[in-house]
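Peer 1: Mind having a look at this structure? Questions to follow.
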Amino acid sequence: MDSVKFFFDFGSPNAYLSHKVIPAIEARTGANFTYVPVLLGGIFKMTGNQSPATAFAGIRNKPEYERLETSRFVARHGLTAFRSNPHFPVNTLQLMRGAVAAQAADVFVPYVETVYACMWERGLKMDDAAVFRAALVEAGLPADRLLELSQTGEVKAGLMANTEAAVAAGAFGSPSFVVGSELFFGKDRLRDVEEEIVRQAASAS
């Protein structure tokens, strides 16, 4: 089958948690997840959505349940490195442009691993330009090249095109997944994603 599209923004802890579980799904199914960097703020603007922290503010019991559900997911998958980012919410515009730049510079995989670790394992303030650059340098990534590329019209347009494509596919947040033409939202739908991968593979054989 064709690859599964994973629309992600580094600012979403649930996208990070999905990222950590995806390799096991790929191993079990033989599917390949294609990571598509998007700007979550752009998706919110295009769809009229807003962050859960804003949308559910003041709702009794829901934030507590969300934290409980996250702790269950972390425990189920042994994601002991995960921690909340004390600087949340983080402006991810530079991070997401950097992801598109990393694709052009052929360092996308290590870039994604580095930024996710800095955001959701090390708790760094990644919308601080100095912190961001230092993290890239520490990881052995071409920091100056990525920063230069991220300011080009091509990269900016690429991120916008990805974001528009996500919305066109039905996305309203991150993480979102598209299997064939089927959309799934949220880390708690990964089991459904896997079942759909298997179903489509069987129907194609």
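Peer 1: Kindly provide log₁₀ I(q)/I(0) values, in the same order as q = 0.10, 0.15 Å⁻¹, from the Debye equation applied to equal alpha-carbon scatterers of the chain.
Peer 2: -0.42, -0.99
Peer 1: Under 18 Å Cα to Cα from LYS156, which lysines show up? Leave out anything in the same chain fewer than 8 places away.
Peer 2: Correct list for LYS156: LYS45.
Peer 1: While we're here: Could you give me the ³J(HN,Hα) list for region 94-110, computed from phi with Karplus coefficients 6.51, -1.76, 1.60 and θ = phi - 60°, whole Hz, x at Gly and Pro?
Peer 2: 5, 5, 6, 4, x, 5, 5, 5, 5, 5, 5, 8, 6, 10, 5, 4, x
Peer 1: Here's another thing I want to ask about it. Which whole-Hz ³J(HN,Hα) couplings does region 66-75 yield from phi under the Karplus relation 6.51 cos²θ - 1.76 cosθ + 1.60, θ = phi - 60°, glycine and proline marked x?
Peer 2: 4, 5, 5, 5, 5, 5, 5, 4, 4, 5
Peer 1: Additional query: May I ask you to give the percent of accessible area on region 1-149 that is carbon plus sulfur, with a probe radius of 1.4 Å?
Peer 2: 53 percent
Peer 1: Can you give me the convex hull volume of the Cα atoms of region 105-205, divided per residue and expressed in Å³?
Peer 2: Residue-normalised Cα hull volume stands at 144 Å³.
Peer 1: HN-Hα J couplings of region 176-183 from phi, Karplus 6.51/-1.76/1.60, θ = phi - 60°, integer Hz, Gly and Pro as x?
Peer 2: Listing the rounded values in order: 10, 10, 10, 10, x, 10, 8, 9 Hz.
Peer 1: Running a GNM on the chain with Cα contacts under 10 Å, which residue among VAL155, VAL115, VAL74 ends up with the highest mean-square fluctuation?
Peer 2: In the Gaussian network model the winner is VAL74.
Peer 1: If you don't mind, there's one more thing I want to ask. In nm, to one decimal, how far is the GLN50 label point from the LEU68 one, both placed 7 Å along Cα→Cβ?
Peer 2: It is 2.6 nm.
Peer 1: If amide hydrogens are placed 1.01 Å from N in the peptide plane, which non-local residues have theirs closer than 5 Å to the one on VAL4?
Peer 2: Hits under the 5 Å cutoff: ASN32, PHE33, THR34.
The values are calculated or read from the model by the stated rules, or taken from the named source; none is laboratory data. None of these values were measured; they are calculated from a predicted model. Because the Cβ atoms are built from the backbone with ideal geometry, glycine has one as well, and the counts that use them run over all protein chains shown. Just the protein is used for accessible areas: all its heavy atoms, side chains included, with ligands, DNA and RNA removed. Shrake-Rupley method; radii C 1.70, N 1.55, O 1.52, S 1.80 Å.
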